[in-house]
1. Please find, among Ala115, Ala98, the residue that is over 16 Å from the mean Cα position of the chain (by Cα) and of a type in the set (A, V, I, L, M, F, W, C).
2. Picking from Ala23, Ala98, which residue would you name as being surrounded by fewer than 18 Cβ atoms within 10 Å (Cβ to Cβ), hydrophobic (A, V, I, L, M, F, W, C) and out of contact with any helix residue (DSSP H, G or I) (no Cβ under 9 Å at 6 or more places or on another chain)?
3. Just for strands (runs of 3 or more DSSP E) wholly inside the stretch 147-205: which have at least 3 residues that are at pLDDT 95 or above and under 19 Å from Ile65 (Cβ atoms)?
4. Just to be sure I understand, how many residues within the stretch 12-37 are modelled with pLDDT of 90 or more, more than 30 Å from Ser121 (Cβ to Cβ) and among the charged types (D, E, K, R)?
5. For the stretch 53-65, name all the residues that are in contact (Cβ under 8 Å) with a residue 12 or more places away in the chain and surrounded by 13 or more Cβ atoms within 10 Å (Cβ to Cβ).
6. Identify all residues within the stretch 30-48 that are buried (at least 19 other Cβ atoms within 10 Å of the Cβ) and either out of contact with any Gly (no Cβ under 6 Å at 6 or more places or on another chain) or on the phi > 0 side of the Ramachandran plot (or both); write none if there are none.
7. Of the conditions (1) surrounded by fewer than 20 Cβ atoms within 10 Å (Cβ to Cβ); (2) charged (D, E, K, R); (3) within 27 Å of Pro188 (Cα to Cα), Glu106 clears all except one; give me its number.
8. Give all pairs with beta carbons closer than 7 Å in which a residue from the stretch 1-28 that is on the phi > 0 side of the Ramachandran plot meets a residue that is among the aromatic types (Phe, Trp, Tyr); count only pairs at least 6 apart in sequence or on separate chains.
Amino acid sequence: MADSMYFYEPANGHGLPHDPFNAMVAPRPIGWISSRDGDGRLNLAPYSFFNAFNYRPPIVGFASIGYKDSVRNIVDTGEFGWNLATRPLAEAMNASCAAVAPEVDEFALAGLTPAPSRVISAPRVAETPVSFECVVTQVLQLQGADGARVDSWMVFGEVVGVHIRQDLLKDGIYDTAAAEPILRAGGPADYFGVDASQRFRMYRP
């Protein structure tokens, strides 16, 4: 049985055409993060290391490989937005990940509209059906098992405002599939969608 398993130690390399780590921890929701710097310039960038971590208060977080514009803006202003990446917005989301100078507005680059938030000053994406307004709670530099710091930064934020398009609330329950979220998967270009045919139910014992 052991021979049927491929084993590698990441420190020694995976020996495969593409690193499988991202593919196995997948699919992952996308942290499509909107922010504003201290001078009011807008930034919009997708992060595939993203998730929700707490109910009350609701806390979300994302990790940035490198101290990028999003992290710098968030540290400076103490806030950020999360915007749901959906199938109709997939190309725009992809366009917003271009490596451009800090003064370039990714909203304009991707053909998107910055909409005012209700609680924070950072805008949300007007075209998305779901957005969170977040206030920073922690920014941590990650470190390895040996204690050495790595060039990755984890940003956590408390969700202080939630925007949901009305038609996604069916009898008061949010319809995940109807929102058409896209999720990052393995390989250099793989994504997955969510639709109602994939739904199944299990109630906790």
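The values are calculated or read from the model by the stated rules, or taken from the named source; none is laboratory data. This structure is a prediction, so every number in the text was calculated from the model and none was measured. So basically every Cβ, Gly included, is an ideal-geometry build from the backbone, and we count neighbours across all protein chains shown.
1. Working: Ala98 fails: over 16 Å from the mean Cα position of the chain (by Cα).
Selected residue: Ala115, the only one of Ala115, Ala98 that is over 16 Å from the mean Cα position of the chain (by Cα) and of a type in the set (A, V, I, L, M, F, W, C).
2. Step by step, each of Ala23, Ala98 is checked, and only Ala23 is surrounded by fewer than 18 Cβ atoms within 10 Å (Cβ to Cβ), hydrophobic (A, V, I, L, M, F, W, C) and out of contact with any helix residue (DSSP H, G or I) (no Cβ under 9 Å at 6 or more places or on another chain).
3. 149-164
4. Selection size over the stretch 12-37: 0.
5. Scanning the stretch 53-65 gives Pro58, Ile59, Val60, Gly61, Phe62, Ala63, Ser64, Ile65.
6. Of the residues in the stretch 30-48, the ones buried (at least 19 other Cβ atoms within 10 Å of the Cβ) are 30-36, 43-48.
Scanning the stretch 30-48 gives Ile30, Gly31, Trp32, Ile33, Ser35, Arg36, Asn43, Leu44, Ala45, Pro46, Ser48.
7. (1)
8. From the stretch 1-28, the pairs are Gly15/Tyr8.
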